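Notes follow once the structure below has been shown.
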Amino acid sequence: MSGIDPGRTVVKIEGLHKRFGQNHVLRGIDFSVARGEVVCIIGPSGSGKSTLLRCINLLERPQQGRLEVNGENLLDPDCDIDAARRHIGMVFQQFNLFPHHTALENCIVAPMTVLRLTRAAAEATARANLERVGLADKLGAYPAQLSGGQQQRVAIARALSMEPALMLFDEPTSALDPELVGEVLTAMRKLAEAGMTMIVVTHEMAFAREVADRVVFMDAGTIIEQGPPDSVIGAPREARTQSFLRRVLNPVHLD
Amino acid sequence: MAQYAILAIVLALAAEFAKWREIGRTFFEPRLIEFTILHGLANALLNTALYTAGAFVLGLVLGLVLALMRLSPVAPYRWLATVYIEFFRGLPSLVVFIAFSLLPLAFSGLTIPWSPYGTVWVALGVVGSAYMAETMRAGIQAVPKGQVEAARSLGMSSAQAMRKIVLMQALRLMVPPLTNELIMLIKDSSLVFVVGLSAGQFDLTEFGRSTANTNVNITPLVVAGLGYLLITLPLSMLVRRMEVSRVTGA
């Protein structure tokens, strides 16, 4: 739990509701994340965990509630969303790399466009970040020439190139072949150890257990239980958490 | 076998009844072929290219604006673009040409600059833009939504995401269908006769027709037709190559 400064809240959410038409996906979420904290969100599909993550950088706009990131009220009509998103990195399940750009170009296009950095300055940061995720030798490769694991690591480097205060991971290993999951999780773990504030929606229980400071279990649009991984994953209190973990950790078991 | 029997019968009838000598003299008179090529074919070819190129550029710009309007979150922009596109796609190009050539008569004082070139560019560009807008809209929509989300999550505005990420990818998807539309424009440029041209301004069709008229022989028109194929066939081949390379991912 090193690097956590409980005095500084990065994300603060109160009474958040999100509906897609008739479908009430988030039903009153209260949730906060401190600087340097690594939070893993787990739960069955359709529980609203990805939607919660996508609300934090306003890829989805909630209908009701409070949402503060870095002390800024993102739901204020006067809030500059583009400016707020610069400090919130996001990594997607399907990578979403820009296919017409090389790995290096993927990492410099936003810093050059948004932050108006010179190419040299942007490339220096990009190289450092690609090196950080172990891809120093793939700078000139196009996404189609990279494996899924490599693509996802480029996506992490791309998000880091904006020097965000917070990183969001939306099931970053769910689209990967099993043998490629490890390299992405390792890159994420190094990031966590370097003190990055991270919110990770994941099905990787081993990662949550070893890397997370806190695990949040969601079901049916609400947070059912949260706490240190040893208690939420190791000894869950709620029946729904227990039944979910039984299914995930022991999928071939017949009850 | 039956198909070949029909072919054989048709060929036999053709050989028996067609007046080959007369056909040759009317369509492929060597002296007239030479005359047509030497007296004005190059100029007519250049004019057709000029009329088409200007219209294509105007159509591209107007088409992009219309495509973006059709995708706009602002409903009135969408309605305007839809009305424009449906209107000009539904009318024969000839009608649009006549309208634009009559415009300066209807509004005294209004002149379209660089006439007749300006008139042709506007008329053909307006028609072409309606088709190109739909092509571009389809190209833009073919870029996965995740691309916009990735760009926006990096702090790009929606305009920056459109310019730097979506259009750059959509452009590749659009090139083959836009080349097809260029071919259509080249053929539609034959409608310039409506505008009223002097000899130096003749496009391929007008040139072919007037030369055919004066010589009472169809050969010049055949030569003019071959002039079109000279431009359109390489373009068609280019489109086919691009489509193949897109499928193979090269």
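Most fluctuating residue of B:Arg21, B:Arg70, B:Arg240 in a GNM of chain B with Cα springs under 10 Å: which is it? Residue with maximal mean-square fluctuation among B:Arg21, B:Arg70, B:Arg240: B:Arg21. The residues of the stretch B:33-248 expose, per residue, 51 Å² of accessible area to a 1.4 Å probe.
Stokes-Einstein diffusion of the stretch B:32-131 at 20 °C, 1.002 mPa s viscosity, Kirkwood radius from Cα pairs, rounded to a whole number: 141 µm²/s. Placing one equal scatterer on every Cα of the stretch B:104-250 and applying the Debye formula, the log10 ratio I(q)/I(0) at q = 0.15, 0.22 Å⁻¹ is -0.93, -1.28. The chymotrypsin sites (Phe, Trp or Tyr not before Pro) found in the stretch A:29-130 include none that occupy coil by DSSP while having at most 16 further C-beta atoms within 10 Å.
Kirkwood-type hydrodynamic radius, chain B: 21.2 Å, calculated from all non-identical alpha-carbon pairs. Rg/Rh for the stretch A:51-174 (Cα atoms only, Rh after Kirkwood) is 1.00. Rounded to the nearest 20 debye, the dipole magnitude of the protein assembly as shown is 500 debye, with +1 charges on Lys and Arg beta carbons, -1 on Asp and Glu beta carbons, and the Cα centre as origin.
Backbone N atoms of the stretch A:184-214 closer than 13 Å to the 7 Å Cα→Cβ label point of A:Ala136 are not found in any residue. As a length-normalised measure over Cα pairs under 8 Å and 6 or more apart, the relative contact order of chain A settles at 25 percent. Electrostatic bookkeeping for B:Ser72 treats Lys and Arg as +1 and Asp and Glu as -1; over the other residues with beta carbon under 13 Å from its beta carbon, the sum is +3. Comparing mean-square fluctuations of B:Leu204, B:Leu230, B:Leu110 from a GNM of chain B with C-alpha springs under 10 Å, the top value falls on B:Leu110.
So the label point goes 7 Å from the Cα of B:Val65 along Cα→C-beta, right? Which residues of the stretch B:168-192 then have their backbone N under 15 Å from it? No residue passes the distance filter.
For the protein assembly as shown, the number of Lys pairs separated by eight or more positions or lying on different chains, with C-alpha atoms closer than 24 Å, is 8. Between the listed residues B:Ile165, B:Thr232, B:Pro92, the Cα displaced farthest toward the positive end of the dipole of the stretch B:33-248, a dipole computed from Cβ unit charges relative to the Cα centre, is found at B:Ile165.
Our Cα-only numbers for the protein assembly as shown put the radius of gyration and Dmax at 32.2, 102 Å. Pairwise alpha-carbon distances in the stretch B:82-177 exceed 24 Å for 44% of all pairs. Accessible surface calculations at 1.4 Å, restricted to protein heavy atoms, place chain A at 44 Å² per residue. Ignoring everything except DSSP H segments at least 4 long, calculate the 222 nm mean residue ellipticity for chain B; use -39,500 (n - 2.57) per segment, divide by total residues, nearest 500. Value at 222 nm, helices only, nearest 500: -25500 deg cm²/dmol.
With contributions of -39500 (n - 2.57) from each DSSP H run of at least four residues, the per-residue ellipticity at 222 nm computed over chain A stands at -10500 deg cm²/dmol. Compute a Gaussian network model of chain A, connecting alpha carbons closer than 10 Å, and tell me which residue from A:Asp78, A:Asp30, A:Asp219 fluctuates the most. Answer for the Gaussian network model of chain A: A:Asp78. Charge dipole of the stretch B:154-218 (Cα centre as origin; +1 on each Lys and Arg Cβ, -1 on each Asp and Glu Cβ, all else neutral): 360 debye, rounded to the nearest 20.
Rounded to the nearest 20 debye, the dipole magnitude of chain A is 200 debye, with +1 charges on Lys and Arg beta carbons, -1 on Asp and Glu beta carbons, and the Cα centre as origin.
Per-residue shielding of B:93-103, expressed as the average number of other chain Cβ atoms within 10 Å of the residue Cβ, stands at 0. In percent, rounded to a whole number, the relative contact order of the stretch B:33-248 is 30, using alpha-carbon pairs under 8 Å and six or more apart.
The values are calculated or read from the model by the stated rules, or taken from the named source; none is laboratory data. These numbers come from a predicted model, not from an experiment. Every residue, glycine as well, gets a Cβ built from its backbone with ideal geometry; the counts of neighbours run over all protein chains shown. Surface areas here come from the heavy atoms of the whole protein model, side chains and all, with no ligands, DNA or RNA. Shrake-Rupley method; radii C 1.70, N 1.55, O 1.52, S 1.80 Å.
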